[in-house]
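Everything on this sheet refers to the single structure shown next.
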Amino acid sequence: MILAAAAALVLLAGVVAVTLPSNDSLSFDDVAGSPDAVITNLDPIGDDQTGNLQVIWSNDLDGVAVIGSNLTDPGADNVYALWFLIDDGVVPAGLFQPENGSISEVLDVADLATNGWGITIEPAGGSAQPTTPVIFAGTI
């Protein structure tokens, strides 16, 4: 199922990516404590991928908390990109940069229903669609 979600993420891409800033008005506790919070563990795709990632999403608050550890550096001028996996394709959810292999950040997201999440590595400003293979994915 995860591989199907990852394949759908790559094959159905085609929307304009936007860089969404961190949400300074929402805290991790706000998102995690929301009655509609949905927790999704993202599995690494590929034998050489390392790290742990989890997404906590509140559609009511339009926020997503991204928590991760042991992540590899995405490289110079690159960031991790979080993508909504929806029925019609993918929609960008935000960009993030781990610090010392870790991330704990809340992002503003669109008011969308998602079937899951995918992570790619993209240029620092984002991209119109995933330009690299999915490295983490999870379905709801």
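A few points about this structure:
- Residue 113 fulfils the conditions (1) among the hydrophobic types (A, V, I, L, M, F, W, C); (2) surrounded by 15 or more Cβ atoms within 10 Å (Cβ to Cβ); (3) in a loop (DSSP other than H, G, I, E, B) except for a single criterion, (2).
- Candidates 68, 63, 89, 75: the one that is at positive phi and surrounded by 16 or more Cβ atoms within 10 Å (Cβ to Cβ) is 89.
- Taking every residue in the stretch 43-59 that is farther than 19 Å from residue 100 by Cα and assigned to a loop (DSSP other than H, G, I, E, B) and pairing it with any residue that is at pLDDT 95 or above and hydroxyl-bearing (Ser, Thr, Tyr), at least 6 positions away or on another chain, the pairs with Cβ-Cβ distances below 9 Å are 59/34.
- A count restricted to the stretch 60-81 and to residues that are of a type outside the set (A, V, I, L, M, F, W, C) and in a loop (DSSP other than H, G, I, E, B) stands at 8.
- Residue match in the stretch 22-39 (condition: in a strand (DSSP E or B), within 12 Å of the chain's Cα centre (by Cα), in contact (Cβ under 8 Å) with a residue 12 or more places away in the chain and within 16 Å of residue 138 (Cβ to Cβ)): no
The values are calculated or read from the model by the stated rules, or taken from the named source; none is laboratory data. Because the structure is predicted, anything quoted here is derived from the model rather than measured. A quick note on method: Cβ atoms are made from the backbone with ideal geometry, for glycine too, and the neighbour counts reach across all protein chains shown.
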